[in-house]
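As structure tokens, the structure follows; a few thoughts come after it.
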Amino acid sequence: MSARLDQVDLVVAGLTDVGLRRTANEDAALAERPVFLVADGMGGYEAGDRASAAVVAAFRAELVGRGAIDASWVGRALRRAEHDVAEIAATTSRGAGSTVTGVVLLEHEGEPHWLIVNVGDSRVYRLFGAELEQLTVDHSLAQALVDQGSLSGEERREFAHRNVITRAIGAPDARADTWLMPVTTGERLLVCSDGLHGELDDEQLRAMLTMAGRPESAAAALVDAAKRAGGRDNITVLVVDVRAGGAASTSDRTDSVELSASATIPI
């Protein structure tokens, strides 16, 4: 890792919980610098827990402990995850799949950046000051209906098919949305599965991320709140604080970087 990235001081905490209605936890998480991500095994398939674990293992193998990396390494991780999930699917009668969402710390044009990656309906949020922004856009039927104006944001939480996703590792469409964002000192990132954001609205998330203190306290408070709200799904939360080493103020995102899991990417 470059000296510039070494200056980025992060405090990270994570927590996963089976919730109140599921018997198994199909979520998996990775919080090992430089990658912080959540994978959610597809509940409609067999071996969802194996699929999410395979996605995490692929990203760990390709990105952790590798020194300097760039966007092409993330492409390699996506392709490896797709291959490994396909092998799991071949052993089942109904297939296997997983979402994957998170951030990777890397250097772009000499400065620390987050490469944000999303396939599915887990999410990345960013709290800066008192403002909470959802950075990812869900690949889901509910989001498609919201985009079309057929479903309101308020209605989506109770939408009967809210768990239907349109992209996943192991599905026919495994394209990843990816883009770069400068690392900013003082920001707090939340990476979470839909078991969290399906139970708590953005204002609840903003208030808890603002008031909860250290990342471990915030993660515990969020999981507890999601369970009190119903706990209908597995709940996984990563909270990442940037204490130093980033830009002094926020700036606009760069153009998105195409990193389809099936794409050919220079390595």
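FYI, it's all coordinate maths here, none of it is from the lab. Note that the coordinates shown come from a computational prediction; the quantities given were computed from them, not determined experimentally. Here the Cβ positions follow ideal geometry from the backbone for every residue, glycine too, while neighbour counts run over all protein chains shown.
Details
- Centroid-to-centroid separation of the stretch 2-36 and the stretch 161-189 [C-alpha atoms, Å]: 15 Å
- Amide H contacts of residue 135: 124, 125, 126, each under 5 Å away and 5 or more positions distant or on a separate chain (H built 1.01 Å from N in the peptide plane; Pro and chain starts excluded).
- Here the 3J(HN,Hα) profile of the stretch 105-122, calculated from phi with Karplus coefficients 6.51, -1.76 and 1.60 at θ = phi - 60°, is 7, 8, 9, 9, 6, x, 10, x, 9, 9, 9, 8, 10, 8, 9, x, 10, 6 Hz, Gly and Pro shown as x.
- Applying 1/(1 + (r/R0)^6) with r as the Cβ-Cβ distance of residue 91 and residue 211 and R0 = 45 angstrom yields a FRET efficiency of 0.50.
- 5 angstrom amide H check on residue 184, placed H, neighbours 5+ away: 247
- Placing unit charges on the Cβ atoms only, positive for Lys and Arg and negative for Asp and Glu, gives the chain a dipole magnitude near 520 debye about its Cα centre.
- Packing-based ranking, highest mean first, of 50-58, 129-137 given that Cβ atoms within 10 Å are counted: 50-58, 129-137
- Here the stretch 21-106 is assigned +1 on the Cβ of each Lys and Arg and -1 on the Cβ of each Asp and Glu. Its dipole about the Cα centre then comes out at about 80 debye.
- Proxy reagent accessibility, fewest Cβ within 10 Å first, across 59, 128: 128, 59
- Farthest positive-ward along the stretch 3-244 dipole, Cα basis, beta-carbon charges - from 99, 195, 51: 51
- At most 12 other Cβ within 10 Å, DSSP loop - trypsin sites (Lys or Arg not before Pro), the stretch 86-145: 94
- Helix-only arithmetic for the chain: the sum of -39500 (n - 2.57) across DSSP H runs with n ≥ 4, divided by the residue total, places the mean residue ellipticity at 222 nm at -8500 deg cm²/dmol.
- Per-residue Cβ neighbour counts within 10 Å put 99, 178, 236 in the sequence 178, 236, 99, beginning with the fewest.
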